[in-house]
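J.: Structure incoming, see below.
The values are calculated or read from the model by the stated rules, or taken from the named source; none is laboratory data. Computed from a predicted model, the values in this text were never measured in an experiment. A quick note on method: Cβ atoms are made from the backbone with ideal geometry, for glycine too, and the neighbour counts reach across all protein chains shown. Accessible surface areas use protein heavy atoms only, side chains included; no ligands, DNA or RNA. Shrake-Rupley method; radii C 1.70, N 1.55, O 1.52, S 1.80 Å.
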Amino acid sequence: MMTFKFDSAAIPIKRLDDVSGSTFNRFYKNKRPVLLTGIATDWLPLQTWNEEYIKDVLYEEFGNELKVLKSNDNKHFINHVQVSEKIEISLETFLDAVFHAKKDIEAVRYYLRTHSMPSKLYQDMIEREQVEGLIKSICHVDNVNCGQMKEPESTTPNEIVKDIYPWEEFLDSEETCDHEQEADQVGQLNELHDQETGTQLEEARQRRIVNVEVMSDLPLPYQAVYQKVFRIDTMQLWLGTKGNITPLHFDRNHGLLLQVIGCKELVLFSHTDTPLLYPHPSHTSRSHTSKVNLRDIDSKRFPHLKHAQRYTCVLNPGEILYTPPFWWHDVTSLDGCLSVTLPWDISIDEIPLNMLM
Ligand SMILES: O=C(O)CCC(=O)C(=O)O
């Protein structure tokens with residue numbers, strides 16, 4: 001195998017401890033990945049999810065037989081028949097492979113990727129302080145909420161909510177603000193909009209996508225974010241063996257990847273490098289994946305790849321990676337790993353022109 005050399009060295013993804021909404025905003029607005037180190041280290045999942053607990057939860061949710069992905073080459077996993085297939089496996093065999101793999105070479109690799117979150121694990125994820133802490137860290141409260149709130153009598157509740165928390169542009173300004181004042185105003189707003197909250201709660205209850213008790217406890221401006229990011233039907237569990245590879249691909253959504261057990265190594269590329277990354281043809285179901293195998297690069301077949309700019313990081317337990325929509329990423333599990341993804345939708349104007357295909 002020829003050794004492959006990129007033109008430029010990999011850039012480490014920026015790690016932020018104790019991030020505030022306005023700092024996160026700079027990355028979110030500019031569609032840059034960022035690693036959040038200080039938010040989730042003391043979350044319930046980090047304290048309580050271990051083999052025993054996961055075993056109980058999975059048994060309760062799925063019984064003794066699990067449907068998991070088994071890689072065709074014992075390395076790569078994507079939802080495509082040419083790469084990996086679904087098999088049935090006993091809970092015990094699967095957990096043994098994840099938590100007690102002996103030798104890398106002989107070990108058989110499996111990946112459990114749920115399409116929604118097992119309910120017990122979901123409850124642990126949405127503990128109120130956790131939800132509030134995360135939202136505070138990623139949401140920029142704009143200047144309307146920092147001292148220039150409109151007079152309630154001249155504005156309808158709907159208009160105020162929209163002004164204060166336009167989700168699509170929720171990180172729209174880079175100004176910082178006084179948090180005490182902000183908290184006061186959040187309180188005032190909650191009082192003002194009881195009726196509004198009631199309607200949102202009722203809608204959420206009917207759709208059953210979030211826990212409405214948690215939602216009703218949150219400051220009103222946070223509720224829209226909670227409903228988008230902490231949905232049981234979009235949150236996913238990724239539990240798999242050491243050495244699993246999720247090959248280079250992009251997603252059409254914003255995404256937070258929370259690492260709970262083990263470490264993962266990631267390589268990312270901007271969507272602007274898409275022409276250098278050799279995606280599968282746009283008419284196929286693999287158009288969001290690359291033909292390149294980053295661990296065994298064929299430089300004759302992919303001559304332009306060397307011009308692409310890599311961004312890299314290792315994600316440790318308690319850390320959260322924000323991946324902007326359409327950013328390419330390749331993920332290697334360095335250990336038996338458990339992660340949770342929290343994706344949320346983009347608006348149509350967030351699709352980069354070069355990705356309209
Ligand atoms: O953790 C992995 O193996 C893949 C995660 C991923 O691709 C994602 O979060 O979009």
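J.: Could you please state how large a percent of the accessible area of region 15-149 is carbon and sulfur, counting protein chains only and using a 1.4 Å probe?
T.: Details: 2990 of 6770 Å².
Of all accessible area on region 15-149, carbon and sulfur atoms account for 44 percent.
J.: Right, here's the next one. Taking region 39-92, which trypsin sites (Lys or Arg not before Pro) meet the DSSP loop condition and have no more than 16 other C-beta atoms within 10 Å?
T.: Numbers: sites: K55, K67, K70, K75, K86; in loops: K75.
Answer in residue order: K75.
J.: Select from region 250-309 those trypsin sites (Lys or Arg not before Pro) which occupy a DSSP coil region and have at most 14 other Cβ atoms within 10 Å, ordered by residue number.
T.: Working: sites: R252, K264, R286, K291, R295, K300, R301, K306; in loops: R252, R286, K291, R295, K300, R301.
Here the sparse-neighbourhood loop sites are R252, R295, K300, R301.
J.: Translational D (Stokes-Einstein, µm²/s) of region 241-357 at 10 °C and 1.306 mPa s when Rh comes from the Kirkwood sum over C-alpha pairs? Don't jump to the answer; show the numbers that get you there.
T.: On the way: Rh = 14.9 Å.
Translational diffusion coefficient: 106 µm²/s.
J.: I would also like to ask the following. What is the extension gain from T3 to T284, computed as 0.36 nm multiplied by their sequence separation minus the C-alpha to C-alpha distance, in nm to one decimal?
T.: Details: separation 281, 0.36 × 281 = 101.16 nm, distance 3.03 nm.
Gain on stretching T3 to T284: 98.1 nm.
J.: Another one. Modelled label-to-label distance, N293 and Q47, 7 Å Cα→beta-carbon offset: nm?
T.: 4.5 nm
J.: Set Lys and Arg Cβ to +1 and Asp and Glu Cβ to -1, take the dipole of region 1-92 about its Cα centre, and tell me which of L66, W43, I13 lies farthest positive.
T.: Looking along the dipole axis, the top candidate is I13.
J.: Given the C-alpha centroids of region 220-251 and region 59-109, what is the distance between them in whole angstrom?
T.: 20 Å
J.: Per residue of region 123-136, what does 6.51 cos²θ - 1.76 cosθ + 1.60 with θ = phi - 60° give for ³J(HN,Hα)? Whole Hz please, x for Gly and Pro, Karplus curve as stated.
T.: Coupling constants for region 123-136: 4, 5, 6, 9, 4, 3, 5, 5, 4, 5, x, 5, 4, 4 Hz.
J.: Skipping prolines and chain starts, which residues have an amide H placed within reach, meaning under 5 Å, of the one on Y110, given they are 5 or more residues away or on another chain?
T.: It is T241, by chain and number.
J.: Quick one: dipole size for region 6-108, taken about the Cα centre, charges +1 on Lys/Arg Cβ and -1 on Asp/Glu Cβ, in debye to the nearest 20. Intermediate values should be presented prior to the final figure.
T.: Working: 13 positive and 17 negative charges, 176 e Å.
The calculated dipole for region 6-108 is roughly 840 debye.
J.: Could I ask something else about it? Near K242, which lysines are there with a Cα under 22 Å away, not counting those fewer than 8 places off in the same chain?
T.: Cα-Cα hits under 22 Å: K55, K67, K70, K75, K86, K102, K103, K264.
J.: Calculate the FRET efficiency for R128 and T37 from the Cβ-Cβ distance with a Förster distance of 25 Å, rounded to the nearest 0.05. Let's see the in-between values first.
T.: On the way: r = 22 Å, r/R0 = 0.88.
That gives a FRET efficiency of 0.70.
J.: Once you have the Cα-Cα distance between S347 and R252, take 0.36 nm times their residue separation minus that, and quote the gain in nm to one decimal. Write down the numbers at each step before the final one.
T.: Values: separation 95, 0.36 × 95 = 34.20 nm, distance 1.02 nm.
Contour length minus Cα-Cα distance gives 33.2 nm.
J.: Another question about this same structure. Between K67 and H304, what is 0.36 nm times their sequence separation minus the Cα-Cα distance? Round to one decimal in nm.
T.: Values: separation 237, 0.36 × 237 = 85.32 nm, distance 3.88 nm.
This chain segment gains 81.4 nm when fully extended.
J.: Taking K and R as +1 and D and E as -1, what net charge do the other residues with C-beta under 10 Å from the C-beta of C337 add up to? Before the final figure, lay out the partial values.
T.: Numbers: positive: K242, K264; negative: D335.
Taking every other residue near C337 into account, the sum is +1.
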